[in-house]
Amino acid sequence: MTIDCTARECFEISPRFRTMMEERIARLEQDARRDEAQVEYLQDVDHIGRQMRLVAAERAEALRIRLFLDRARTRLPHSLIPS
């Protein structure tokens, strides 16, 4: 993964934090798919609208985290850092 640090702010995150964020993205996307599938069972227009706003919010949060991870470098574990 190559990151151009001159064009934008660069920062490092731990491998554990990156993994946690990637798992969060997966949960958000899974929740969005499940919540969207529930729309076909709803009858109230207002409820459908709220459900679709929930789906949009889940997908937006997943995208926000993806963009964050795209700007971050993953720090090497301490055992791989030369002394």
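The values are calculated or read from the model by the stated rules, or taken from the named source; none is laboratory data. Treat the numbers as computed from the prediction; the structure is a model and nothing was measured. Glycine also receives a Cβ, built like all others from the backbone with ideal geometry; neighbour counts cover every protein chain displayed.
Name the pairs whose Cβ atoms lie under 7 Å apart, with the first residue in segment 17-43 and more than 20 Å from Arg66 (Cα to Cα), the second of a type outside the set (Val, Ile, Thr) and in a helix (DSSP H, G or I), and 6 or more positions between them or separate chains?
Asp35/Gln51; Asp35/Leu54; Asp35/Glu58; Gln38/Gln51; Val39/Gln51; Val39/Met52; Leu42/Gln51
Considering only segment 69-83, state which residues are at pLDDT 90 or above and surrounded by 13 or more Cβ atoms within 10 Å (Cβ to Cβ).
Listed by number, the residues that qualify are Leu69, Arg71, Ala72, Arg73, Thr74.
Take Met20 and decide whether it is assigned to a helix (DSSP H, G or I), loosely packed, with under 14 Cβ neighbours inside 10 Å and either at pLDDT 95 or above or out of contact with any Pro (no Cβ under 9 Å at 6 or more places or on another chain) (or both).
So Met20 passes the test.
Please specify each residue of segment 23-63 satisfying the condition of being among the aliphatic types (A, V, I, L, M), surrounded by 14 or more Cβ atoms within 10 Å (Cβ to Cβ) and within 14 Å of the chain's Cα centre (by Cα).
Ile25, Leu28, Ala32, Val55, Ala62
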